[in-house]
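The values are calculated or read from the model by the stated rules, or taken from the named source; none is laboratory data. Quick caveat, the model's predicted, so the values are computed rather than measured. Glycine also receives a Cβ, built like all others from the backbone with ideal geometry; neighbour counts cover every protein chain displayed.
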């Protein structure tokens, strides 16, 4: 991140500015100058804030590179989410040809739940390990407003069904999987696990893409 370097004679400049301001005639201009000088941060305070900002940026960058894996109890499905909850990959066990479509769909949902839990636990761990960053957070009315907008639209769902009605996925506004199902009873028979996993992943990503468009519209509302 770009960091403004405070000059060595910062305090001398402030003192000179205050002396010059004292010579200005009373009025709006002097009031504005006095206000600007009063708002000038102390060197130590600025350095602390800059250091916290750099740490926060580093943590955010590290979080963006993280991936979160999940599987079901029977290890039928494995999937990976990125830091924002978007699906990166999905794999299915070759044993799906001996399972019902419903059982495999349930395994995908369970794997998703496990990956989401890993993602949430990681974020909570960061918050506990870096509590001072949260404590130093300044009031952010714009961010609070955006979070309120998302909360008000949290009931919305976005579904996608394959053209051949093989499977369907539904996600919420933030892209979290709320339902996955195979539309045909024998979807797991006569289909390679890699091909079926690819179709399932494609369906989930399509639903997430629709949710992302809607989320962008919600955040852009005036």
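Need pairs with beta-carbon distance below 8 Å; first residue over 15 Å from residue 165 (Cα atoms) and assigned by TED's automatic domain parsing to the domain that holds residue 90 and within the stretch 194-215, second modelled with pLDDT under 95 and part of a helix (DSSP H, G or I); sequence gap 6+ or separate chains.
215/150
Could you figure out which of (1) in contact with a strand residue (DSSP E or B) (Cβ under 6 Å, 6 or more places away or on another chain); (2) under 11 Å from residue 76 (Cα atoms) isn't true of residue 115?
Condition not satisfied by residue 115: (2).
Taking the stretch 7-25 as the search range and keeping residues that are at pLDDT 70 or above and outside any helix (DSSP H, G or I), which one is surrounded by the most Cβ atoms within 10 Å (Cβ to Cβ)?
Among them, the one singled out is 9.
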